[in-house]
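Worksheet: one structure, shown below.
The values are calculated or read from the model by the stated rules, or taken from the named source; none is laboratory data. Given the structure is predicted, the values throughout are model-derived calculations rather than measurements. Please note: Cβ atoms are built from the backbone with ideal geometry, for glycine as well, and neighbour counts cover all protein chains shown. Accessible surface areas use protein heavy atoms only, side chains included; no ligands, DNA or RNA. Shrake-Rupley method; radii C 1.70, N 1.55, O 1.52, S 1.80 Å.
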Amino acid sequence: MIMRIFPATAALALLAGTAQADIALTLLHTNDVHARLEPISEYDSGCSEEDNLAGACFGGTARLATAIAAARAEGRPTLLFDAGDQFQGTLFYSYYKGKAAAEMLNRLGYDAMAVGNHEFDDGPGGLAEFAARLRMPLLMANADLSAEPRLKDAIRKSVVIEAAGERIGVIGLTPRSNPELASPGPDIVFTDPVEAAQAEIDRLTAQGIDKIVLLSHSGHETDKRIAAETTGLDVIVGGHSHSLLSNTDETAAGPYPTMVGDTAIVQAYAYGRYLGRLDVVFDDTGKLVSAEGEPILLDASVAEDEAVKARIAELARPLDEIRRKVVAETSAPIDGDRGACRAGECAMGNLVAEAMLDRVRSQGISIAIQNGGGLRASIDEGPVTMGEVLTVLPFRNTLATFHVSGATVRAALEHGLSQVEEGAGRFPQVAGLRFSWDPGAAPGDRLRKIEVKEGTEWEPLDPKKSYGLVSNNYVRNGGDGYTMFLDAREVYDFGPDLADVTAEYLARNAPYAPGTDGRIATD
């Protein structure tokens, strides 16, 4: 359904003077904020007020508010978008669910948002409550909601933002793999993003709309495919892959914008560290003739909006006792970087997998598998608070123990290695097991050697032998595509909270010395 709205924050106007027929517009955007309402550290986890005052922190909604206000004050017509995944990541979400995020989105005056996979973490009901609180449209074109009554009237495929005589079409996309990534329930059918985007572009174009923006929570590689395989799309504001596109940062995944044909693609990393800014110009036929910009790093040079900061401090009061509790100490930073934990062995993966295995080893469990996508942050050196642990493991998953054959273990590891190129969260972090793999081999044939620790010795994985495994209940129930565990034997999905288990393991081993040991090697 295509709706017309008149957002208070947007006013499109024709430029005066010689370029009177051209339409200039500033697009501000965020993605994958993951409940980081407060400033973050260099490791994307919590940052103390002391460090914040010392200039060592980034982001936070108060800085974001200042940067948005500064851009709007320039007088250029401005739209503000979010490409999904406001949910999940800190105690603000654990405690308030979507209420705090909705309050801040409304306060900052966002014009539209795409539905991310994490918006389904509390099922369709949780997403419906979030949508009801928003004063802007929530968009998702590639989903059939007709059998889900809580959402079918709450989420739109696209909207038309109209002001000053100009109409901008805005479409939203969500991951097609949501049933593997989150909890959308059985009644929503997710469809191909290219086909869905093109259908909505055609519908908008038929109404005479010739300037179209796609808010895509699909990942940068999929966004490039969408741009290449559709016509009539001007800008893609991306998310999901946490990609930093930049012309000044040498670690960037590509230029800002990345041009595919006539389509400009942008994305601004994650966690509110940046505010993306793309300045675009359309000619009088609706053709995009200029697109340039750069993500704005929200470091200490950006002042915090005092009113927003005070409101967030008020929201944080119920959380303080939980997150300030020091549970352990670490002798070095524990690397939980997304890029590391979804592509190879990482220190945070070793910590969490070892913590799980240590907790249930006495129950006849010998192997732990943790999905890399379940690790959401790093922890810096020194005292470790419960808040930091919950930032790493925000999903409140429980330990799940079960038994499967060695052949199933192998199938699970192959599955975990099958989408490394896409940065998929299924990558297996392990304990009690070590393996080597070939990244250049075809998916499904990447494993080269698998060994399981039997006592003090390493033995080859026996495909016919039954092994006791521990994972989190999300993975055991088929999350991230681990459907081979659905038919496991002796299943118990209701163990202790994974964050509590990890905190207790850290405490028993304090000061904890993080590291990697080669348990996952490339061949």
Checked segment 224-285 with the C-alpha gyration tensor, a ≥ b ≥ c its square-rooted eigenvalues, rounded below a/c of 1.5, otherwise prolate if a/b is larger than b/c and oblate if not; verdict prolate
With unit charges on the beta carbons (Lys and Arg positive, Asp and Glu negative) and the dipole taken about the Cα centre of the chain, which residue among Trp437, Leu139, Thr230 sits farthest to the positive side? Leu139
Can you work out the base-10 log of I(q)/I(0) for the chain at q = 0.08, 0.11 1/Å, using the Debye formula on its C-alpha atoms alone? -0.50, -0.94
Rounded to whole angstrom, the alpha-carbon centroid of segment 262-290 lies from that of segment 206-251 at a distance of 9 Å
For segment 81-190, what percent of Cα pairs sit more than 18 Å apart? 46 percent
Using +1 at the Cβ of each Lys and Arg and -1 at the Cβ of each Asp and Glu in the chain, identify which of Thr66, Val189, Asn31 lies farthest towards the dipole's positive end. Val189
Evaluate the charge dipole of the chain about its Cα centre and quote only its size in Debye, nearest 20, assuming +1 on the Cβ of each Lys and Arg and -1 on the Cβ of each Asp and Glu. 1000 debye
Would you calculate a helix-derived [θ] at 222 nm for the chain, using -39,500 (n - 2.57) for each DSSP H run of n ≥ 4 and dividing by the full residue count, to the nearest 500? -8000 deg cm²/dmol
Magnitude of the Cβ-charge dipole of segment 52-108, K/R +1 and D/E -1, about the Cα centre, nearest 20 debye? 120 debye
Largest first, how would Glu162, Glu229, Glu250, Glu490 line up by accessible area (1.4 Å probe)? Glu250, Glu490, Glu229, Glu162
How much solvent-accessible surface does Lys309 expose, in Å² to the nearest 10, with a 1.4 Å probe and all protein chains in place? 50 Å²
Please state, to two decimals, what the Cα-based radius of gyration of segment 449-523 comes to when divided by 2.2 N^0.38 Å (N = residues). 1.36
Just the accessible area for Val326, please: 1.4 Å probe, Å², rounded to the nearest 10? 90 Å²
In whole angstrom, largest first, the equivalent ellipsoid semi-axes that the Cα gyration tensor gives for segment 259-320 are 36, 12, 11
Base-10 log of normalised Debye intensity for segment 371-465 (one unit scatterer per alpha-carbon) at q = 0.14, 0.19, 0.22 Å⁻¹: -0.67, -1.03, -1.16
Once you list every other residue whose beta carbon is under 11 Å from the beta carbon of Ile226, what net charge do they have if Lys and Arg are +1 and Asp and Glu are -1? -3
Rounded Å value of the spacing that divides the Cα centres of segment 33-65 and segment 102-146: 24 Å
State the Cα centre-to-centre distance between segment 351-367 and segment 462-523 in whole Å. 7 Å
Rounded to two decimals, the Rg over Rh value of segment 189-327 from Cα coordinates and the Kirkwood Rh reads 1.09
Provide Tyr95, Tyr467, Tyr43, Tyr274 ordered by accessible surface of protein heavy atoms (probe 1.4 Å), highest first. Tyr95, Tyr43, Tyr274, Tyr467
Give the calculated FRET efficiency between Asp445 and Glu306 to the nearest 0.05, with a Förster radius of 45 Å applied to their Cβ-Cβ distance. 0.20
